[in-house]
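Please read the structure below before turning to the comments.
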Amino acid sequence: MKSLLLDGIETYAFDKTRAEPEYLARLAEQTQAEMDFPQMLTGRLEGRLLKLLVQMCRPQFVLEVGTFTGYSALSMAEGLPDGGRIVTCEMNPKARAVAQAAFTASPFADRIELRFGPALDTISMVDEPIDFAFVDADKGNYTNYYEAILQRMPPGGVIAFDNMLWSGAVLDPKTDDDRALAELNNTLARDDRVENVLLTVRDGVQLVVKK
Ligand SMILES: C[S@@+](CC[C@H](N)C(=O)[O-])C[C@H]1O[C@@H](n2cnc3c(N)ncnc32)[C@H](O)[C@@H]1O
């Protein structure tokens, strides 16, 4: 992923952000060693942001789209209040196996449920209110995820969309994924149902609050 920031600033932000727990650092190393496209893992900076957001919002139910090896789900689990839980979905068998092993070995095994299959199917089967969502898979479907999650979200619910700067491609969209993300950014900036801010953290995080 291309850095959009001044040389050294991303490293400085990483260094000045609290380190993740040892088991998460190990999971990041394992992902690097064993998985294709290990750069998909959110990592320390965004993981700590997700933990803090969950800590602030105190959701009872979190939905994640795109588990990969489980780093972001485990980061959010650290911030959950008592009784809070996470459903996360993935459709790659290898990623599922690594993530499930990491969840089982973590202090949050009883709070994270991994569902295997396309995210839109998982979302359609959720029947409790989604208080907090993290969307990080399958860019062409982001608008579909937005609508499906918003329908199931109470006022005050929060959605964080990852990769909303898409290495800068949203400035001059050329591919279908570029256009899908640029269009969702346009929608979010004027949709009366929500408030939003596009953070320039890592590859861009759209933070959306339902009114
Ligand atoms: C960017 S990675 C997620 C990274 C993860 N949030 C983390 O921090 O490590 C996206 C993941 O979504 C999965 N995926 C892609 N399309 C999907 C879909 N339609 N439903 C569920 N998962 C999907 C991919 O297999 C991939 O593992």
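So here's what we get for this one:
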item: Total residues in region 171-211, condition without any contact (Cβ under 8 Å) to a residue 24 or more places away in the chain, outside any strand (DSSP E or B) and under 25 Å from E10 (Cα atoms); result: 6
item: Some residue of region 28-35 being among the small types (G, A, S), surrounded by fewer than 21 Cβ atoms within 10 Å (Cβ to Cβ), at pLDDT 95 or above and more than 8 Å from the ligand (Cβ to nearest atom); result: yes
item: Sole residue being of a type outside the set (D, E, K, R), crowded, with 22+ Cβ neighbours inside 10 Å and closer than 24 Å to M56 by Cβ, chosen from A102, A133; result: A133
item: Hits in region 112-125 (condition: more than 12 Å from the ligand (Cβ to nearest atom) and within 17 Å of the chain's Cα centre (by Cα)); result: I112, E113
item: Among residues of region 36-52, those that are within 10 Å of the ligand (Cβ to nearest atom) and buried (at least 17 other Cβ atoms within 10 Å of the Cβ), counted; result: 7
item: Residue within region 158-172 that is closer than 25 Å to L27 by Cα, more than 16 Å from the ligand (Cβ to nearest atom) and touching a strand residue (DSSP E or B) at 6+ places or on another chain (Cβ under 9 Å) present; result: no
item: Matching residues in region 153-175 - criterion: being in contact with a helix residue (DSSP H, G or I) (Cβ under 7 Å, 6 or more places away or on another chain) and closer than 16 Å to V194 by Cα; result: V158, I159, A160, F161
item: S124 vs. criteria under 23 Å from R152 (Cβ atoms) and crowded, with 20+ Cβ neighbours inside 10 Å; result: no
item: Leading residue by the ranking (surrounded by the fewest Cβ atoms within 10 Å (Cβ to Cβ)) among those in region 53-70 that are within 11 Å of the ligand (Cβ to nearest atom) and within 10 Å of the chain's Cα centre (by Cα); result: G66
item: Check on A25, in a helix (DSSP H, G or I), within 15 Å of the ligand (Cβ to nearest atom) and touching a residue at least 24 places away in the same chain (Cβ under 8 Å); result: no
item: Counted residues, region 88-97 - those being surrounded by 21 or more Cβ atoms within 10 Å (Cβ to Cβ) and either of a type in the set (S, T, Y) or more than 9 Å from the ligand (Cβ to nearest atom) (or both); result: 1
item: Criterion: within 14 Å of the chain's Cα centre (by Cα), away from the ligand (no atom under 12 Å from the Cβ) and touching a residue at least 24 places away in the same chain (Cβ under 8 Å) - qualifying residue of A137, A73, A105, A77; result: A77
item: Members of region 1-22 found to be assigned to a helix (DSSP H, G or I) and either in contact with a Cys (Cβ under 7 Å, 6 or more places away or on another chain) or surrounded by 15 or more Cβ atoms within 10 Å (Cβ to Cβ) (or both), listed by number; result: E10
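The values are calculated or read from the model by the stated rules, or taken from the named source; none is laboratory data. Computed from a prediction, not measured in an experiment: that's the story for all the values here. Ideal geometry is used to build each Cβ from the backbone, glycine not excepted, and the neighbour counts take in all protein chains shown.
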